[in-house]
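J.: Right, I'll just put the structure down here and ask away after.
The values are calculated or read from the model by the stated rules, or taken from the named source; none is laboratory data. No experiment lies behind these values; they were computed from the predicted model shown. With ideal geometry, Cβ positions are generated from the backbone for all residues, glycine too; neighbour counts draw on all protein chains shown.
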Amino acid sequence: MKSNVEIIQDIIEQVVNQKKIDVYDQYFSEDYISRGDPYFGTGLSVDSSGNKHIIKIIAPGGPANGKLQVGDELLWVEDEHQHYATYEDIKQGFLQGSRGSKYKVGVRRGNQTLEYEFTRDLIKGFDTPKDQAKSDLREFMTKQFPGLKATIKQIHADGDMVVCLLEYRGTHADFEREAVWREAWFVRMSKGKIVEDWTVFDGSSYFRQLGYQLVPPST
């Protein structure tokens, strides 16, 4: 039987570098959960892969819970600074902000157009189940970074836990910019499969290399 370190090495090589997405199920348990990072926001995740913004995840206990529903179409957003009404304006990002700040959204639910107001608060992070995590990974590796490669720089195991330092390199399909970034991946395993994981991602370096700009908040 392979060690936990060898299993993680196989995952990186086969799933990421060789793009064998179909072997994903061999390495991740049916009850696998990817743990998200805490942040101040509204507690919702949006699918903007088409020409619409569709609510895909709502964090339990967050400000959006009990108001918005999965499948709602986001039509517009308004905060104290401006009104975001176009697809591109909304896509630029509005989900995170300072604790206590307010904004309104308009959504389409079936034949209804509804309006809600939210106050940003502490969100514990999204727990992403196996099927959604697999779909997100497929999208990232085949459409956003089709030539993505990963190198394990460090890897260590202690009981059922494995931690590795990964270095990714690839060219974004839409922006046509090459980027290299690092990620720390913490994994809990059981019977040779991953049951839970956490990631620490160098987002600042990643987004800057793709051409994003860090804009100071308004005072």
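J.: Pairs under 6 Å by beta carbon, first residue touching a residue at least 12 places away in the same chain (Cβ under 8 Å) and under 9 Å from GLY71 (Cα atoms) in segment 45-56, partner in a loop (DSSP other than H, G, I, E, B) and among the β-branched types (Val, Ile, Thr), six or more apart or different chains?
T.: ILE55/VAL70
J.: Does GLU80 qualify as being exposed (fewer than 13 other Cβ atoms within 10 Å of the Cβ) and part of a strand (DSSP E or B)?
T.: no
J.: From the list ILE8, ILE90, which residue is touching a Cys at 6+ places or on another chain (Cβ under 8 Å), part of a helix (DSSP H, G or I) and either touching a residue at least 12 places away in the same chain (Cβ under 8 Å) or not small (Gly, Ala, Ser) (or both)?
T.: ILE8
J.: Then there is this: Any residue in segment 17-36 that is of a type in the set (Ser, Thr, Tyr) sitting within a Cβ distance under 9 Å of a residue that is assigned to a loop (DSSP other than H, G, I, E, B)? List the pairs, counting only those 6 or more apart or interchain.
T.: From segment 17-36, the pairs are TYR27/GLY192; SER29/LYS191; SER34/PHE126.
J.: Kindly provide the set of residues from segment 162-212 that are of a type in the set (Phe, Trp, Tyr) and either surrounded by 15 or more Cβ atoms within 10 Å (Cβ to Cβ) or out of contact with any strand residue (DSSP E or B) (no Cβ under 7 Å at 6 or more places or on another chain) (or both), ordered by number.
T.: Within segment 162-212, TYR168, PHE175, TRP181, TRP185, TRP198, PHE201, TYR206, PHE207, TYR212 qualify.
J.: Outside any strand (DSSP E or B), loosely packed, with under 13 Cβ neighbours inside 10 Å and either in the same structural domain as GLU178 (by TED's automatic domain parsing) or small (Gly, Ala, Ser) (or both) - does that describe any residue in segment 116-128?
T.: no
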